[in-house]
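Got a structure here, written out as structure tokens. Questions coming.
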Amino acid sequence: MTKGLLRLTPLLTFLFCFSELIGQESNCLERLDNAEILFNSGIFEDIPFLIEDCLESYSEENTKKAYRLIVLAYYMNDEVESAEISMKNLLLAYPEYRPSLGDQAEYLFVFESFKVRKVIDLGFMAGPIFTPGNLLEPFSPFQDRFLYASNLPGISAGVMINVPITSLFSISTEPTINRYAFQIQYDNPINEIYAIDQTETNIMLNIPLNVRFTFLNNRFQPYVKFGGQMSLLLSVETESKLERLDPVTGEIINPSETIKRDHSIYRERLNYYVGGGLGLRMNFNKFYLFAEADYYHPLNNMLASDQNRFEQSNLWSEAWVDSDFRIIHAFFRVGIARSLYSIKKIR
């Protein structure tokens, strides 16, 4: 029997605490109703002491209602400084709070004694990156047709920094680390006897700078952004194979191992892009969730300007030949951001 009671102890403790919590919440709601009755009766002195202890237990709607009664009670009782402190506490808890048009002039006066300004949004974002190629001047010693194609989505992750200029206009940047791969795809085996397989993997630091225009001033806000991007190429690794085929059957008669090389010397370290994106944010108190699709078009070739793309020794030793090409960056990313505010008394 003793063991049975011991097993029931955690459950009984939980039920007791839960009932106490429900009782406290019910008592606080009753206090809020009584405070409103006192205010409507012109009795202000006891209102702050009646409900201040309950502020943390209220819902958002009731918290704002309670602060309104406290601010007005202090103000009507000629305790202007206490009214201002309570208003500042309300704005610290809900920086986007705005009184209704029907609120008392005294309440609006205290509210307008403060200036609330969003200073910055700081967030984290991640998602896939797609990297199709833009082939400007192809080169193959065999004049075969080929293209640069994205090799499965890569991964992009980084931070988001957004600095508001006005409520609907801001400057933003999203420094990200990106890892992606692309393939050089040939239409047919070279001279019908060589099958070449080429894949390049890049790791790149992207630093974009955009102007952002946000539409609608409500919970769901679409936005567009335009600007440019500077990218620093951190790593370049190629994997390639050159296998000989039977010209009659097409079967591999001379298999090749995968050749891995660091091709950083053949690539421009700094690359520049122009582009922008579309996004949608869902606002909550002090933070928001967002999703966006971005596109950046390259402005320079990735092949280093001091490298000779007609160097054919790479073809036979590493199964690799370069052309003048550029890599497009297309993203879809989701993230979360926290908004930081400045609250100042202006009168």
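A short reminder: the numbers here are calculations on the coordinates, not readings from a lab. This one's a predicted model, so the numbers in the text were calculated from it and none came from an experiment. Here the Cβ positions follow ideal geometry from the backbone for every residue, glycine too, while neighbour counts run over all protein chains shown.
Suppose R0 equals 25 Å; then what is the FRET efficiency for residue 93 and residue 122 from their Cβ-Cβ distance, rounded to the nearest 0.05?
0.80
If the cut-off is a Cα-Cα distance under 18 Å, which aspartates and glutamates reach residue 88, setting aside same-chain residues fewer than 8 apart in sequence?
Residue 88 reaches 52, 53, 56, 60, 61, 78, 79, 96, 103, 106, 112.
Taking the chain as a Gaussian network, Cα atoms linked when under 10 Å apart, which of 253, 184, 155 shows the biggest mean-square fluctuation?
Comparing 253, 184, 155 in a Gaussian network model of the chain, the most mobile one is 253.
Oh, and also: Which residue, 62, 301, 151, has the most motion in a Gaussian network model of the chain that connects Cα atoms within less than 10 Å?
62
Given a Förster distance of 41 angstrom, what is the FRET efficiency for residue 59 paired with residue 230, based on the Cβ-Cβ distance and rounded to 0.05?
Approximately 0.30, to the nearest 0.05.
Right, next: Count the lysine pairs in region 118-345 whose Cα atoms sit under 15 Å apart, keeping only pairs 8 or more residues apart in sequence or on different chains.
Going through region 118-345 pair by pair, I get 4.
Please name which of 135, 227, 340 has its Cα lying farthest along the dipole of the chain towards the positive end, using unit charges on Cβ (Lys, Arg +1; Asp, Glu -1) and the Cα centre as origin.
About the Cα centre, the residue reaching furthest to the positive side is 340.
Which order do 297, 263 fall in if you start with the one that has the fewest other Cβ atoms within 10 Å?
Final ranking by Cβ density, sparse to dense: 297, 263.
Also, I was wondering about something else. Determine the gain in length on full extension of the stretch residue 166-residue 324; use 0.36 nm per residue of separation and subtract their C-alpha separation, reporting nm with one decimal.
Between residue 166 and residue 324, full extension yields 52.6 nm more.
Now a separate question. Where is the GNM fluctuation largest for the chain (alpha-carbon springs, 10 angstrom cutoff): 104, 183, 307?
Checking each option, the largest mean-square fluctuation is seen for 104.
Something else: Sorted from largest down, what three extents in whole angstroms do the Cα atoms of region 118-345 have along their principal axes?
82, 35, 24
Same structure again: When the Karplus curve 6.51 cos²θ - 1.76 cosθ + 1.60 is applied with θ = phi - 60°, which whole-Hz ³J(HN,Hα) does each residue of region 110-118 get, with x for Gly and Pro?
Working through the residues one at a time gives 5, 4, 6, 6, 10, 10, 9, 9, 6 Hz.
May I pose another question? Any chance you could run the full-extension gain for residue 343 through residue 152? It's 0.36 nm times the residue separation minus the Cα-Cα distance, nm to one decimal.
Stretched fully, the residue 343-residue 152 segment lengthens by 64.0 nm.
Expressed in nm to one decimal, what extension gain is obtained for the pair residue 106 and residue 36 from 0.36 nm per residue of sequence separation less their Cα-Cα distance?
Value of the extension gain: 23.5 nm.
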